[in-house]
Each structure stands twice: as structure tokens, then as C-alpha cells.
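Here the structure is laid out as C-alpha cells; the discussion comes afterwards.
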Amino acid sequence: MLPSKKKILGDYKETELIRLIQQLGAKYKQPIPNEDAFPLTHRPTRQLVLNIDTYVESEDFLPGLSWSGQARRFFHAAFSDIAAKGAQPLTLFTSIAAPPTMKIKDFYHLLKGFFREAHKYKIKYQGGDLAKANEVIISVVALGTVKKDHYIQRFSFDKGDQLWTTGEFGWTALGFQHLLNNMYLPPPIKKYALRKTFNPHAQFKAVKHLKKLNINIKAAIDSSDGLARSLWILANETKSELVITRLPIAPIIKHYFSDEIAFSATFFGGEEYELVFVLNKDDSHTLQKILDEHKKDIRATSFQHIGTVANKGDTAAVFFLKNSKKIHIPNKGWDTWQRP
């Protein structure tokens, strides 16, 4: 599909690039109309949920990851916020600014990554905009839909409710330390840490699975900035005391690393894109019973009960309970503006 003579974006007219995008869309049965605005059908009983993320090549692209891999990562990052609202994915838009010197094959594979994920999740990719810049800058607009009475807020929980996550933490923290700071990782850790860092998943299936079990998620947030930061967002807005009683970390990480490193990797990583969610006591008991009965079910055992809402309406605080002693968890995590 790629022309052989033109090697960089600067060799193309904008109309030719649009035609290339449309051809790629046709390959994935995603026709891209030559339009600047798009109508979306909306039902009275449903809400549209919108999220916008922007990524800059020099700041947000991971070393060692292909262009299609970068697109895949950005896709799931954007739709992770949609999943946290209990919504299902509906539509994808992207705005791409790139230098004229960018290789056309890299541009093609970047687009291919978005088209492939949209096709996989049966999401309509509506295209977007093109612009010239000194480096690649991508804005991803993710749109989802949810029944009005199923929309999940962040702060509708009470004292005594239970804290859960959709999976294990620590992998991406180690993956970023390896990629950005050359931290040595033992081979069994390195392989899975890089897989989790390069290939995040928006938790649509987990939300659907809980709904099928008639489990009502009272509140949720996605862990894009790390577990500690996510917990503190929940705590600050509601003046709640959250107590973590169990680290949601893989036993193999605790085997290879000290308690200090394991603790830090669990709480202060980022871009895990797991959901941190709250259930009432009855639903928490029901889910735990189901997990105990289906320990061999990978979908079931991915859910982790991690703690409780110990108090609400007084002072915001997050603690880890270790040997009956409360250890304060600082409010820190992944920070785009503060990282080196």
C-alpha cells in the first residue's frame, strides 16, 4: 500500500496523506469521510463519555517500542478513562502533528496501530486532523457510551465500603525504571514488566464481567498516575481515610526485590491502567466468594481486594496496615510536569 518513491511526509501534499489514511481505513473496514465534523447518534437513556489525551514524542514515547505499539498504548490510555466510568467504547478521533522529515512508513504504522485497535474493539475510527510540527504530537479523543443509571462516579462511596483493583501493580514501575533509568531486572521480571508497560489494556472486560455478576461499582478511577495517587484522589475529594490491608503485587516481584522496592513499585508507579474501585460490603463479600470458588478462572482471579474505607467526612488520609500498624502513604506518583 505504501508508495515506494516518497519516503518522508514532506514529499506529500496534505490531500495525499488524507487519501493514504482513507485507504488504510478501508483495509480495516473503517471508512474515513472527508469531513471536519461528525454527527453522533445519542439516545435519551444513555450518556456520552468523552476523554482527551495528548502525547508528545520527546516526552511520552517509550524507547524500544514500535510506532504501531506507541499508538496501541495511547489508544488504551485514552479509553481507560472511559472504562472507569462504566462506559463501553464507541468512537475514536486522533489529531496528529508531525515534522515533514518523518518517514512515511513510520507515519503509516502509527496510523495502523490506531486502526488495528479500533477494529479489534469494534470502535468507529472517525479520523481527525493533520498538522506540521517539529516533533510528533498526538491528541487522542476517546468517546464511550453508558446507560445514565450505570455511569460510575469517583466519589459516591461510604464508610465501611471495600477497595478493590482489577489486577496487580508494580510491573509498569519496574518497566519504566528499566527503560528510562537502566535498572537491572532479572529475566523473569523483565519480560513481563516490559509486556505490561508496552501493552496496557483498558479494563472494559472487567467492568462487563462485574455487571454480569450483578456487582455494583459505587466509585472507580483508573490508575494512570499510580495506585497511591489514585487513592489520594478518592480520599481528598471525600475527606476519607482509606486503609490498604493487602498489597496488590505479584508474589514474584516480592521474591526478587526488597520490601522497600516492592512497596514503592506498588504505590508509586504509573500507567498501569488498572481500575481502583469501591464496592459495598455485600457486593464485596459476593465477589470474594465467587473468586474463592473459581480460583482457576483467570478473569476472576485478576480482581484484588486491597482495603477498606475506614472513615469518611473528616480528614483525607491513605494508610497501609502492616502488622497492625498504620503506615502513611504519601500522595505521589507519575507526574508529567515533575519528571526529569
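At a glance:
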read-out	value
Qualifying positions in the range 139-185 - under 28 Å from H285 (Cα atoms), in a strand (DSSP E or B) and hydroxyl-bearing (S, T, Y)	T165
Of all residues making up the range 80-104, the number that are assigned to a strand (DSSP E or B) and either of a type in the set (A, V, I, L, M, F, W, C) or assigned by TED's automatic domain parsing to the domain that holds A220 (or both)	6
Matching entry among S284, S258, S230 (being among the polar types (S, T, N, Q), in the same structural domain as K196 (by TED's automatic domain parsing) and under 22 Å from H201 (Cα atoms))	S230
Leading residue by the ranking (modelled with the lowest pLDDT) among those in the range 6-44 that are within 16 Å of L130 (Cα to Cα), assigned to a helix (DSSP H, G or I) and aliphatic (A, V, I, L, M)	I18
Pairs with Cβ under 7 Å, 6+ apart, first in the range 152-181 and not assigned by TED's automatic domain parsing to the domain that holds D81, second among the aromatic types (F, W, Y) and assigned to a helix (DSSP H, G or I)	W171/Y192
In the range 133-151, residue farthest from I215 (Cα to Cα) [restricted to those that are touching a residue at least 40 places away in the same chain (Cβ under 8 Å) and charged (D, E, K, R)]	E135
Breaking point among (1) more than 30 Å from F115 (Cβ to Cβ); (2) in contact (Cβ under 8 Å) with a residue 24 or more places away in the chain; (3) aromatic (F, W, Y), for Y184	(2)
Residue in the range 113-131 that is touching a strand residue (DSSP E or B) at 6+ places or on another chain (Cβ under 6 Å) and of a type in the set (S, T, Y) present	yes
Failed criterion for Q177 (all others in (1) surrounded by fewer than 21 Cβ atoms within 10 Å (Cβ to Cβ); (2) within 23 Å of H328 (Cβ to Cβ); (3) not aliphatic (A, V, I, L, M) hold)	(2)
Residue, surrounded by the fewest Cβ atoms within 10 Å (Cβ to Cβ), within the range 112-138, restricted to residues that are part of a helix (DSSP H, G or I) and not small (G, A, S)	K120
Output for the range 133-176, where each listed residue is among the β-branched types (V, I, T) and in contact with a Leu (Cβ under 6 Å, 6 or more places away or on another chain)	T145, T166
Count of residues meeting criterion [closer than 30 Å to I306 by Cβ, over 22 Å from the mean Cα position of the chain (by Cα) and at pLDDT 90 or above] in the range 107-161	5
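The values are calculated or read from the model by the stated rules, or taken from the named source; none is laboratory data. Just so we're clear, the structure is a prediction, and the values are computed from it rather than from any experiment. All Cβ positions, even for glycine, are placed from backbone atoms using ideal geometry, and neighbour counts span all protein chains on display.
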